[in-house]
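One structure below.
The values are calculated or read from the model by the stated rules, or taken from the named source; none is laboratory data. The structure presented is a predicted model; accordingly, all values stated were derived computationally and were not measured. Positions of Cβ are generated from backbone atoms using ideal geometry, with glycine treated the same way; all protein chains shown enter the neighbour counts. SASA here: full protein model, heavy atoms, side chains in, ligands and nucleic acids out. Shrake-Rupley method; radii C 1.70, N 1.55, O 1.52, S 1.80 Å.
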Amino acid sequence: MKIRVAVFVAAILSTGFIAAAAAQQAEPKVPDQLKVTIDTNQIAPPISKYVFGSFIEHIGPLIYRSLWSEMLDDRKFYFPINSQVEEAPARPGGGGGRGMPLRKWRPVGPDDVVTMDKDHPFVGDQSPRIALDSSTPHGISQPGVALVNGKKYTGRIYLCGTPGTRVKVSLIWGDGANDRQTVTIGEITGEYKKFPLSFTSGADTNAGAFEIAGTGNGNFHIGTASLMPADNIDGFRPDTIALLKKLHSGMWRLPGGNFLSNWDWHQAIGDIDKRPPMFDHAWNAMQVNDVGMDEFMTFCKLIDVDPYVTVNAGLGDANSAAEEVEYLNGPASSYWGAKRAENGHPEPYHIKYWNIGNEPWGTFQIGYTDLKYYVIKNNDFAAAMRNVDPSIMLIGSAKMMEPSWLKGEDRAKYVDNLGPMYGSDDDWTGGLLKNSWGTFSGIAQHWYEGPGRHFNLEKAKALAPDAPATGAYDTYEPTTLEYARYAGDVVLRHAEEWEGYQQRFPEMIPHKIFMSIDEYAYGGPGGGGRGGPNLKSALAYGMLLDEMMRHSDFITMGAHTMGTSSLDIMPTSSVINAVGLVYEMYGERFPGTIPVAVAGNSPQPPIDSSKYGDEPKVSSGSPTYPLDVFAALTPDHKYLDVAVVNATDSEQKFDMNVAGVQIAGPSTLWQLSGSSLDAMDRVGQPAQVEIKEIPVSNASGPIPVAPISVNIYRFQVAQ
């Protein structure tokens, strides 16, 4: 029996409610004695480790500020160098600097000593040429470099120029003459040569600088420059690598995102110093191209997750996608497999999951085509990729129908949770199922939502065809519990729509076509409010993951946006934030566990789906209001794990009855909580949100649940 159906039916039978009475109930009354019944005889398919995955793409400096250890921006000199460019602000903490502008190179000396050589660039379209003076140093410098006292930094620089040129490269941590360490470069010739660099910082500062300057006659050219902490791990930051490994994400979807549709993977392999920088037209940003295919694979190995690769179906073509499969999965005897071996990776990566395109339904997407033509593209991609490696599992890119992007007459048809829209021109998922059947094992779904508004169907019908959908929303101020619950409602709404597709395409069930929610975020970037992820958002993510796990029969992959948004990141250190702690708790304990039925005597509040198009037909969650309860057996059946989210400001208690197994012996509680809903975990500050491990003597009697907390109880099962 499907777990959600079992839960809902059990709740109705145990309380005596009927649907009509529930629909009239504005707010359920919490019973004096809240009862939770767990039936281990009713099970669902095991929870996939991929449900707890993450997603990332190149957005501005996101990857390079959070994952990659490179400390120099624009190290391949995509931009011109002069003193007129705007000064970039100092790096703040939080999230890796996703929206932070790049630091700029500045001339050492007058502006006219630096020109950009476009005739013989080392890499890309141009390289800086420095006009020399025999006595006054000329060159370039990059300010705003964060340094740690006593820390060692290593790097390299490619130089060529007039013989006899004397070049010095300096790491600077203060204004004094001795507040720097300088490496004097050896003999420079007319051909580019790589020179190693090594420094040790003499102070802590966020305002350090990296300077390249020379004296002599003629000129010298700079090909590329690089500076990293010496403790980097294969180029990656050891601090963020260690923290991300603790999250047990299962998989990362990469490189993905809107960025992907104008990116050529061929230019992101090989010597990273000789890969040209590129301009990302999706996000209006330069990408230095250091983190490419092999680096992504190394990263996934370092944090112990499986890569899930998305191919470019925007400006890319089927042949390019097939070549990408061969590069990553082909033997060293194949053409592209041999290229991979030449790049230092002789063994295939054996990537199992592949996604064709990113949000192809979006008119904002580079290379957008409508559904009629996209299915042709999808089918061509699938055939070409499987021809290279028949073992891969392909995931088609689709979109559950959303009321906010329907227009005109389509809005007027939008009633009863999208029923009349199935099969229409707006039904991208239905079109993929109908016209591309056999090309995919799963279908991708993306969503980004927050609470505080509902899509009013009557208002939507009254809007002019080209009027913005914002005019159809009713706004409201959610309670903490409503805020947390709405995250699960979003998941449930998509699950209900999926079940509608299963009814229209019944072959989905025996073929086990699954849903991959491989981009999602709730309540703002990284899953938080204005200040970032806090305890309030952690409550919502607990309910969100509970709801995903309730549909383990078809929701088998999920990727939180962004992977790094589970951390608070500064240039030299990082910590797991409040939302990240939820993923740490769930990712460590629930992958592979077997969901079991949960019933109770307190249904969730009714849903007004007839009025609001963004509501599911019934509320998400378990019939244990105001608590959200999810339970699963460990694969060896030795433990029963019970997740309980309390998004109220008061302690709640429940009596637990377990059918099918006997609970015995001491138990353990992992509890995530903090002093207030606004509590956060930030770099350099005492932790405000923590996971505490608490021994529990037994499961008899009322079980207390602390206010504003996410809890996982582990009960021993008598053998």
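For the range 413-525, take the alpha-carbon Rg, divide it by the Kirkwood Rh, and send me Rg/Rh. Don't skip to the end; give the middle numbers.
Working: Rg = 16.0 Å, Rh = 16.1 Å.
Taking Rh as the inverse mean 1/r over Cα pairs, Rg/Rh reads 1.00.
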Q: Could you tell me what percent of the accessible area of the chain is made up of carbon and sulfur, with a 1.4 Å probe and every protein chain present?
A: 52 percent
**Q.** Charge dipole magnitude, Cβ of K and R +1, D and E -1 - the range 106-229, Cα centre, debye nearest 20
**A.** 420 debye
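What shape does the range 301-341 have by the C-alpha gyration tensor, where a ≥ b ≥ c are the square roots of the eigenvalues, rounded means a/c under 1.5, and otherwise prolate means a/b greater than b/c and oblate the rest? Each step should come with its number before you reach the end.
On the way: a/c = 3.13, a/b = 1.09, b/c = 2.86.
Note, shape of the range 301-341 comes out oblate.
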**Q.** Mean separation of Cα contacts under 8 Å, 6 or more apart, over the residue count of the chain: relative contact order %
**A.** 18 percent
Q: Return the sequence-ordered ³J(HN,Hα) values of the range 440-449 in whole Hz as given by the Karplus equation 6.51 cos²θ - 1.76 cosθ + 1.60 applied to θ = phi - 60°, using x for Gly and Pro.
A: 9, 9, x, 10, 7, 9, 10, 8, 9, 8
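Shape of the range 204-304 from its Cα gyration tensor (a ≥ b ≥ c, root eigenvalues): rounded if a/c is under 1.5, otherwise prolate when a/b > b/c, or oblate? Write down the numbers at each step before the final one.
On the way: a/c = 2.25, a/b = 1.40, b/c = 1.61.
Taking the square roots of the gyration eigenvalues as a ≥ b ≥ c, the range 204-304 is oblate.
Return the Rg/Rh ratio of the range 271-384 with Cα-based radii and a Kirkwood Rh. Could the numbers behind the result be given before it?
Details: Rg = 15.2 Å, Rh = 15.5 Å.
Reported Rg/Rh (Cα atoms, Kirkwood Rh): 0.98.
From the Cα trace of the range 106-229, what convex hull volume per residue do you get, rounded to a whole Å³?
101 Å³
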Q | Candidate lysines for bridging to residue 245, where Cα separation is under 25 Å - those fewer than 8 sequence places away on the same chain excluded | A | 49, 151, 152, 301, 352, 536, 692
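If packing is taken as the mean number of other Cβ atoms within 10 Å per residue, what is the order of 556-565, 222-231, highest first?
Details: 556-565: 26.6, 222-231: 20.8.
The packing order, highest mean first, is 556-565, 222-231.
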Q: Can you tell me which of 568-578, 284-294, 700-710, 246-256 comes out highest on packing, and rank the rest after it, using the mean Cβ neighbours within 10 Å?
A: 246-256, 568-578, 284-294, 700-710
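Let me know the shape class of the range 590-719, please: from the alpha-carbon gyration tensor, a ≥ b ≥ c as square roots of the eigenvalues, rounded when a/c is under 1.5, otherwise prolate if a/b is greater than b/c, or oblate.
Numbers: a/c = 1.79, a/b = 1.08, b/c = 1.65.
Oblate, because a/c is 1.5 or more while a/b does not exceed b/c.
What's the ranking of 376-389, 487-500 by average number of surrounding C-beta atoms within 10 Å, highest first?
Working: 376-389: 18.6, 487-500: 22.6.
So the peptides 376-389, 487-500, ranked by packing, come out 487-500, 376-389.
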Q | Accessible area of the chain divided out per residue, in Å², using a probe of 1.4 angstrom | A | 39 Å²
**Q.** Quotient of Cα Rg and 2.2 N^0.38 Å for the range 538-582, N being how many residues it contains
**A.** 1.39
(Q) Could you report the accessible area of residue 69 in Å², rounded to 10, computed with a 1.4 Å probe on the protein chains as they sit in the structure? (A) 10 Å²
Q. Ranked by accessible surface with a 1.4 Å probe, highest first, in what order do 263, 283 come?
A. 283, 263
Q.
Give me Rg/Rg_expected for the chain, where Rg uses Cα atoms only and Rg_expected = 2.2 N^0.38 Å with N residues.
A. 1.04
